[in-house]
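Everything below concerns the one structure shown next.
The values are calculated or read from the model by the stated rules, or taken from the named source; none is laboratory data. These numbers come from a predicted model, not from an experiment. With ideal geometry, Cβ positions are generated from the backbone for all residues, glycine too; neighbour counts draw on all protein chains shown.
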Amino acid sequence: MSKTEIPPIAIDLDGGTDIGAAIVDADLFLIDDGAGGTMRKTAASRIKTYAGTTINNNADNRVITGSGTAGTLEGEAGLTFEASSTQGSLGLRDSSGTFLLQVEGNESAASVIFTRVDHPLTLGVNNSEKMRIPTDKGIFVNTTSRTGSTNVLSVLGDSSEDVMHVRTANDSGAVKGIDFTDGDGTNCGEITINAGSNSTAYSTSSDYRLKENVNYTFDATSRLKQLKPSRFNWISKPDTTVDGFLAHEVSSIVPEAINGSKDETKTVTNAVISKRNALLTEGITEAEWEQGKKDNIYPNDSTWSASKVIPKHQSIDQAKLVPLLVKTVQELEARIKALEEA
């Protein structure tokens, strides 16, 4: 009879309910002596005895895992855990002992020191996510994704309104709060805070070394007369009237002052939409949106859409109109002077 044809045989050695010996196949014979769990194995006429379980690398606070060696467990130096009634610590280390992830905390505070895990890092309180660092670029606070299609920093405040707070040292001089550069590192502008004068400056780059083909002789007055200043109210603020321009009416006169195109739209997917048809965030499942409303991440009057076409609004930088205004004043001054001298 071949090895595979031998049926298992169980033997009760002490009259109890436990099996004292078992012949599993031709090469495996197990014995429980009832005294300490000693097991003996025969294979190819060899007998090996294991008198107990061995734990290698044993030390305080280490997690014990299985080993490929029979009767042996391993104390993992790369994974440590310790806790008390007031604080706890969890750490993951690489083979050199460097922390890949370390979490320490107590009842009032907790911190994540470092992680190299290929997965978004999320922080939260009371089972509610408050901050996310994704695997690509960006940091999201009070939201699970960027609030626009390309935002690298998204911070949501009450009612899911975009907010950002920049604080600098209390210096007497000007300090850059935000510095804007292009792809090759050339400065494009900055937001500067001056604690000494209690002021903020929103500046665009203007250094002569960045410019060429400078021309001082152009007709500003005829262009200025094409502008159409108007008074209006925003749809969201019906009781407030302000002065300004319609972006598309300025785009052909001072194009550098306008961003976007007239009547432009874009399609968003898995999107949370405000009551005024504005995009709050996208890439969110309907279930995540429903939970987000419960967690006060999204307003209750928001809606969710698998796919939706929304307006891509134009904007204007009215500061770009200043050179045209100054040049027109100079031209008017020259004409007045010429009339006075005639």
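Brief remarks on what is shown
- Just one of (1) loosely packed, with under 12 Cβ neighbours inside 10 Å; (2) free of Cβ contacts under 8 Å to residues at least 60 places away in the same chain fails for Gln291. It is (1).
- Apart from one condition, Glu256 fits all of (1) touching a residue at least 40 places away in the same chain (Cβ under 8 Å); (2) part of a loop (DSSP other than H, G, I, E, B); the exception is (2).
- The one condition in (1) among the hydroxyl-bearing types (Ser, Thr, Tyr); (2) loosely packed, with under 14 Cβ neighbours inside 10 Å; (3) assigned to a strand (DSSP E or B) that Ser305 fails to fulfil: (2)
- Qualifying residue in the range 263-285 (condition: in contact with a Phe, Trp or Tyr (Cβ under 8 Å, 6 or more places away or on another chain), assigned to a loop (DSSP other than H, G, I, E, B) and either touching a residue at least 40 places away in the same chain (Cβ under 8 Å) or surrounded by 17 or more Cβ atoms within 10 Å (Cβ to Cβ) (or both)): yes
- Screening the range 188-203 for residues that are in contact with a strand residue (DSSP E or B) (Cβ under 6 Å, 6 or more places away or on another chain) and either more than 26 Å from Phe140 (Cβ to Cβ) or assigned to a loop (DSSP other than H, G, I, E, B) (or both) and picking the one that is modelled with the lowest pLDDT gives Asn194.
- The sole residue among Thr281, Thr285, Thr328 that is at pLDDT 95 or above and of a type outside the set (A, V, I, L, M, F, W, C) is Thr328.
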